[in-house]
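One structure is given here, and the rest of the page talks about it.
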Amino acid sequence: MDASIGVLMACPMSLYLEQELDKRFKLYRFWAQPSRQEFLKIHAESIRAVVGNATAGADAELIDALPKLEIVSSFSVGLDKIDLNKCKEKGIRVTNTPDVLTEDVADLAIGLMLAVLRRICECDKYVRKGLWKMGDFKLTTKFSGKRVGIIGLGRIGLAVAKRAEAFDCPISYYSRSEKPNTNYKYHSSVIDLASNCDILVVACALTPETRHIVNREVINALGPKGVLINIGRGPHVDEPELVSALVEGRLGGAGLDVFEKEPEVPEQLFSLDNVVLLPHVGSGTLETRNAMADLVIGNLEAHFLNKPLLTPVV
């Protein structure tokens, strides 16, 4: 690859990806710059690609600051940190990393369901604190057979459904339109879905329409025995409403891998034992992160060699 091609990496995401980019391109680490403004003034003309992820991507301001930008390759399936309209307008290509992370995220969704219902984290603390000697742990809630509702029946939503089916869970879903070729029950509103399931899973893409798709009404429809699982994006859920519902007992529990203002997490959740909190690790396995990195590099190489992109979005 041409080592003079400037690639801007938006934030730290994968050491392997960083090393591989360094070998092939002129890599600029955006987070390491004391002044981003100054850095862009000096290097804007030589940057032809941006690599972003779920934390930092390419907003309108950055795109405008890079006149030679040709491609944004995202180390993530979600595209909410990229101004797609601006990219289309300027003819900038966009790629992401679908498929390779589907299984990991779906595995984690099931793990969260089991952890919340069977109180796995709390049980672990119980043993470590020596409390078992004082008596048995309280009874928990069965997972098998629970009604699972999924918001968004894309790749990840389908993979979650397939896994939950193995636990004899009836599956229903909400999406913009009913999906052909599925036996799962379709609900045309999220409130309907929440009213008719025990576990509600957020697995849709983050767009202006899906921001706060889980609001107070949806949480109340899920109710004091319901559990919310979010492996989508933090802003899918109205976080203050979720916190108050959990604190007041209007919601039965939650398993959260994502939050509105990561890495900030509402401290009121720390003392609740019916909530499992993860640091956005849905795709966080060695195998998957390396496969994602290979896909990011593969897309960049394809672009600069004038070959078809592997996973084009724009």
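The values are calculated or read from the model by the stated rules, or taken from the named source; none is laboratory data. The structure displayed is predicted, hence computed values, not measured ones. Here the Cβ positions follow ideal geometry from the backbone for every residue, glycine too, while neighbour counts run over all protein chains shown. These area figures cover heavy atoms from the full protein model, side chains too; ligands, DNA and RNA do not enter into them. Shrake-Rupley method; radii C 1.70, N 1.55, O 1.52, S 1.80 Å.
Ordered from largest to smallest accessible area (heavy atoms of protein chains, 1.4 Å probe), the residues Val148, Val100 come out as Val100, Val148. Once all protein chains are placed together, His212 keeps about 70 Å² accessible to a 1.4 angstrom probe. Simple rule: put +1 on each Lys or Arg Cβ and -1 on each Asp or Glu Cβ in the chain, find the dipole, and look at Asn220, Ile42, Asn53; the Cα lying farthest toward the positive end is Asn220. Grab the DSSP H runs of the chain that are 4 residues or longer, score each as -39,500 (n - 2.57), total them, divide by all residues and round the 222 nm result to the nearest 500 deg cm²/dmol. So the calculated ellipticity at 222 nm is -10000 deg cm²/dmol. The relative contact order of region 163-220, computed from alpha carbon pairs under 8 Å that lie at least 6 residues apart in sequence, is 26 percent. So what's the gap between the Cα centers of region 148-186 and region 37-92, to the nearest angstrom? Centre-to-centre distance over Cα atoms comes out at 34 Å. When +1 charges are put on Lys and Arg Cβ atoms and -1 charges on Asp and Glu Cβ atoms, the dipole computed for the chain relative to its Cα centre reaches about 440 debye. Think of a 1.4 Å ball rolled over the protein heavy atoms: the chain then has 49 Å² of accessible area per residue.
Using only alpha-carbon positions in region 1-121, the gyration tensor eigenvalues give semi-axes of 32, 16, 14 Å once each is multiplied by 5 and square-rooted (largest first).
Peptides 65-71, 129-135 ordered by packing proxy, namely the average of other Cβ atoms within 10 Å per residue, highest first: 65-71, 129-135. What accessible area, in Å² to the nearest ten, does a 1.4 Å probe give for Arg48? Arg48 has an accessible surface of roughly 80 Å² with all protein chains in place.
Computed from Cα positions, the angle between helix 15-24 and the longest principal axis of the chain comes to roughly 20 degrees.
Dipole magnitude for region 65-193: about 340 debye, using +1 per Lys or Arg Cβ and -1 per Asp or Glu Cβ, origin at the Cα centre.
Tell me the Kirkwood radius of region 177-274: reciprocal of the mean inverse pair distance over distinct alpha-carbon atoms, in Å.
Radius from the Kirkwood sum: 13.8 Å.
Give the carbon-plus-sulfur fraction of the accessible surface of the chain in %, rounded to a whole number; probe 1.4 Å, heavy atoms of protein chains only.
Working: 8010 of 15500 Å².
The value for the chain is 52 percent carbon and sulfur by accessible area.
The share of Cα pairs per 20 Å bin across the chain, counted from zero up to the longest distance, runs 31, 51, 18, 1 percent. Measuring r between the beta carbons of Asp273 and Leu84 and using R0 = 25 Å, the FRET efficiency lands at 0.05. Relative to the dominant Cα principal axis of the chain, helix 102-117 is inclined by about 30°. Using the Cβ-Cβ distance between Ile42 and Glu217 with R0 = 51 Å, the FRET efficiency computed as 1/(1 + (r/R0)^6) comes to roughly 0.50.
In this structure Asp124 has an accessible area near 70 Å², from a 1.4 Å probe over the protein heavy atoms.
For the chain, the longest principal axis of the alpha carbon atoms and the long axis of helix 286-304 meet at an angle near 30°.
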